[in-house]
Amino acid sequence: MLDISLSLMLLVAVVFLALLVLLNSWLYQPLMAFMDERDKTIRKDLENVQADTSEIEALKAKTEAVIAEAKSEAAALRSKTIEDSKMLAQSKIEAKKEELEKAYEEFVASLKGEEETLKSELLSQMPLFKESLKAKFSQI
């Protein structure tokens with residue numbers, strides 16, 4: 001039936017052990033070294049990513065601070081410009097009021113002058129009016 005050959009078994013065992021040693025030195029150890037190296041580079045890349053992330057967060061905070069400062073400066077400039085514009089408009093209004101008041105006073109003065117000349121003309125012609133009234137009353 002089955003014939004077991006001891007020499008053949010020893011030969012298979014020796015070939016198997018030789019194959020294990022050769023595979024270990026040629027395949028498994030370089031493969032394990034490659035996998036270890038890959039794990040190291042992955043860890044290193046993750047550390048770099050975390051460092052970059054913290055740097056990005058710091059830059060983001062810095063840009064937000066700059067934007068906030070720019071907004072506050074813009075608001076201050078806007079309020080100053082509005083205040084300056086209001087002051088300029090107020091001064092123009094005051095100047096125009098003064099000009100109109102002066103023009104009104106001149107108009108009132110000229111009106112009074114005309115009133116005086118009209119009174120003097122009427123008073124100078126008063127005797128003529130009296131005579132014409134007497135003439136009208138005498139006709140009635």
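Couplings for region 107-112, taken from phi via the Karplus curve 6.51 cos²θ - 1.76 cosθ + 1.60 with θ = phi - 60°, read 5, 5, 5, 5, 5, 5 Hz in order; Gly and Pro are left as x. Remark: region 128-139, residue by residue, has Karplus-estimated 3J(HN,Hα) of 5, 5, 4, 5, 5, 5, 4, 5, 5, 5, 6, 6 Hz, where x stands for each Gly or Pro and the curve is 6.51 cos²θ - 1.76 cosθ + 1.60 at θ = phi - 60°.
Using a Förster distance of 35 angstrom, determine the FRET efficiency expected from the C-beta separation of Ser25 and Ser54, and round it to 0.05. Intermediate results must be reported in sequence, preceding the final value.
Values: r = 44 Å, r/R0 = 1.25.
Computed FRET efficiency for Ser25 and Ser54 comes out at 0.20.
Relative to the longest principal axis of the Cα atoms of the chain, the long axis of helix 6-23 lies at roughly 30 degrees. Under the classification rounded if a/c is under 1.5, otherwise prolate if a/b is larger than b/c and oblate if not, where does region 22-134 fall, given a ≥ b ≥ c as square roots of the Cα gyration tensor eigenvalues? Verdict is prolate for region 22-134. Figure legend: label point modelled 7 angstrom from the Cα of Lys71 along Cα→Cβ; residues of region 19-63 with amide N under 17 Å from it are 60-63. Count the net charge of all other residues whose Cβ sits under 13 Å from the Cβ of Ile67, scoring Lys and Arg as +1 and Asp and Glu as -1. My count for the surroundings of Ile67 gives 0. The phi-based Karplus calculation (6.51 cos²θ - 1.76 cosθ + 1.60; θ = phi - 60°) puts the 3J(HN,Hα) values of region 115-120 at 4, 5, 5, 5, 4, 5 Hz, whole numbers, x for Gly and Pro.
Only the coordinates and a few stated rules stand behind these numbers; no lab work does. Just so it is clear, the model here is predicted, and its values are computed rather than measured. Glycine also receives a Cβ, built like all others from the backbone with ideal geometry; neighbour counts cover every protein chain displayed.
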